[in-house]
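Take a look at the structure below.
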Amino acid sequence: MARASAADSYTARLRQAVHRARIALRKSGVDYFRGDGSDWIALAGLLLTIPAFTWGTIVMPVWVSPAALVLPIVAGGLLLRPASLLGLYAAAAAALIIEAVVLGPYAEGPARVTPGTVLTVAACGFFGLLIAQFRARVGVPWRRGGTMLFDLRERIRVQSALPQLPKGWHREMALRPAGGQSFSGDFVVAARTNGGRTLEVVLTDVSGKGMDAGSRALLLSGAFGGLLGSLPPHGFLPAANGYLLRQDWDEGFATSIHLVLDLDSGDYELLSAGHLPALQLHAGSGRWEEKDTDGPLLGVYDGAQFDPVKGSLRPGDVLMLFTDGLVEASGRDISEGIDRLTGEADRYVASGFEGAAWHLIEAVAKDVNDDRALLLLCREA
């Protein structure tokens with residue numbers, strides 16, 4: 001019994017030790033991800049390169065220039081915190097002094113420590129310190145900064161993905177940020193509600209464009225995605241308007257259009273908050289109809305009312321939602337831009353609208369310095 005009790009006690013202590021080790025490892029991993037972990041490994045590695053460069057400069061001054069010390073300094077600006085960076089700079093300064101003493105005055109031959117070398121190393125150190133201080137203030141480590149931006153961009157794309165539709169329906173969407181950037185002020189959130197029988201889509205155009213509007217678009221897309229489907233359709237835009245007002249942004253308005261489509265009957269409602277009209281192609285007549293509804297901009301004043309306009313998609317009909325980047329241009333009326341868009345869209349009536357969203361943006365707004373978004377919903381004949 002004593003041996004069994006001792007074995008159980010040993011097993012329990014071992015499990016506790018393993019558990020504590022797992023917790024410590026997980027905490028260190030989280031700290032490293034957030035940039036709160038220690039940077040002593042990077043500091044030690046960079047400190048070892050400085051005597052290596054110094055030895056190379058003394059032994060082979062023609063091949064290893066004294067200015068090679070800028071390499072660990074630049075790397076330190078990207079990897080180290082400001083306090084650690086100062087220690088690296090002190091080591092680099094000491095290395096320059098040693099090189100100058102061993103190699104002799106710069107006037108006696110090439111590959112010596114010149115005033116220009118000192119200025120170059122000092123300038124790189126100054127800019128590296130500025131980068132490190134900015135990174136410390138933002139709280140994003142260099143090793144994770146690019147990955148975080150990539151993750152944010154992918155999250156916007158995932159949130160803008162349209163759900164699968166039942167047989168007989170085709171949907172597609174294209175987003176094109178201004179200036180070829182990765183972040184756009186235009187975004188889409190969509191969900192199938194009412195047991196999957198209803199499709200709700202919200203296309204929003206945030207004030208500004210590109211990177212300036214991208215951060216606000218990311219915040220709003222998450223908030224709008226949470227509101228969509230959680231409220232009755234007529235309650236979405238008033239709730240979104242209240243959310244924007246609470247942000248108290250200097251440039252905090254947005255336009256939005258909310259589509260509520262019955263996938264069984266094809267009947268739909270459109271509610272607009274200062275957005276451009278939707279366009280419906282009637283397969284019977286081959287004509288495009290503007291589906292316009294009045295509504296104030298989001299984020300302008302409280303208590304705004306949004307009245308719906310109704311319609312129905314019959315077999316062969318197409319509904320197009322878009323942002324102003326596709327139809328607005330200096331010196332041209334919006335109606336002219338809409339006519340150009342519908343004229344290009346007529347090319348796809350006979351062959352179908354498969355892949356048409358991307359090509360329509362290419363045709364009517366390829367080089368426009370504005371965010372562009374286009375959504376197509378087709379009811380197959």
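The values are calculated or read from the model by the stated rules, or taken from the named source; none is laboratory data. This structure is a prediction, so every number in the text was calculated from the model and none was measured. So basically every Cβ, Gly included, is an ideal-geometry build from the backbone, and we count neighbours across all protein chains shown. Just so you know, the surface numbers come from the protein's heavy atoms only, side chains and all, with ligands and any DNA or RNA stripped out. Shrake-Rupley method; radii C 1.70, N 1.55, O 1.52, S 1.80 Å.
Observations
- Solvent-accessible surface of protein heavy atoms, probed at 1.4 angstrom with all chains present, puts Glu172, Glu251, Glu289, Glu354 in the order Glu354, Glu251, Glu289, Glu172, largest first.
- Note on Glu290 and Glu328: the extension gain reaches 12.1 nm, defined as 0.36 nm multiplied by sequence separation minus the Cα-Cα distance.
- Between Leu231 and Ser312, the FRET efficiency estimated from the beta carbon spacing at R0 = 35 angstrom works out to 0.90.
- Distance between the 7 Å Cα→Cβ label points at Val101 and Ala17: 4.9 nm.
- Summarising the label geometry, the points placed 7 Å from Cα in the beta-carbon direction at His282 and Ser265 lie 1.9 nm from one another.
- With R₀ set to 35 Å, the beta-carbon distance separating Val59 from Ala123 gives a calculated FRET efficiency near 0.85.
- Over 13 Å [Cα-Cα, region 226-275], rounded percent: 62 percent
- Rounded accessible area per residue of region 247-341, 1.4 Å, Å²: 45 Å²
- Gain on full extension, evaluated as 0.36 nm per residue between Ala94 and Ala223 minus their Cα-Cα distance, stands at 41.0 nm.
- Computed from the Cβ-Cβ distance with R0 of 56 Å, the FRET efficiency linking Trp358 to Ala44 stands at 0.65.
- Contour minus Cα-Cα distance for Val349 and Asp250 (0.36 nm per residue): 31.3 nm
- Spin-label model distance (nm) - Asp302 vs Asp367, 7 Å beyond Cα toward Cβ: 4.8 nm
- Using alpha carbons only, the radius of gyration of region 188-255 set against its Kirkwood radius gives Rg/Rh = 0.99.
- Reach of Lys310 by Cα under 15 Å, taken over aspartates and glutamates that are not fewer than 8 positions away in the same chain: Glu200, Asp262, Asp267, Glu269, Glu289, Glu290, Asp292, Asp294
- For Trp358, solvent-accessible area (1.4 Å; no DNA, RNA or ligand), Å²: 130 Å²
- Each Lys or Arg adds one and each Asp or Glu takes one away; over the other residues whose Cβ falls under 10 Å from the Cβ of Ala278, this sums to -2.
- Solvent-accessible area of Ile58 with every protein chain in place, 1.4 Å probe, in Å² to the nearest 10: 60 Å²
- Think of each Lys and Arg Cβ as +1 and each Asp and Glu Cβ as -1; about the Cα centre, that makes the dipole of region 186-238 roughly 160 debye.
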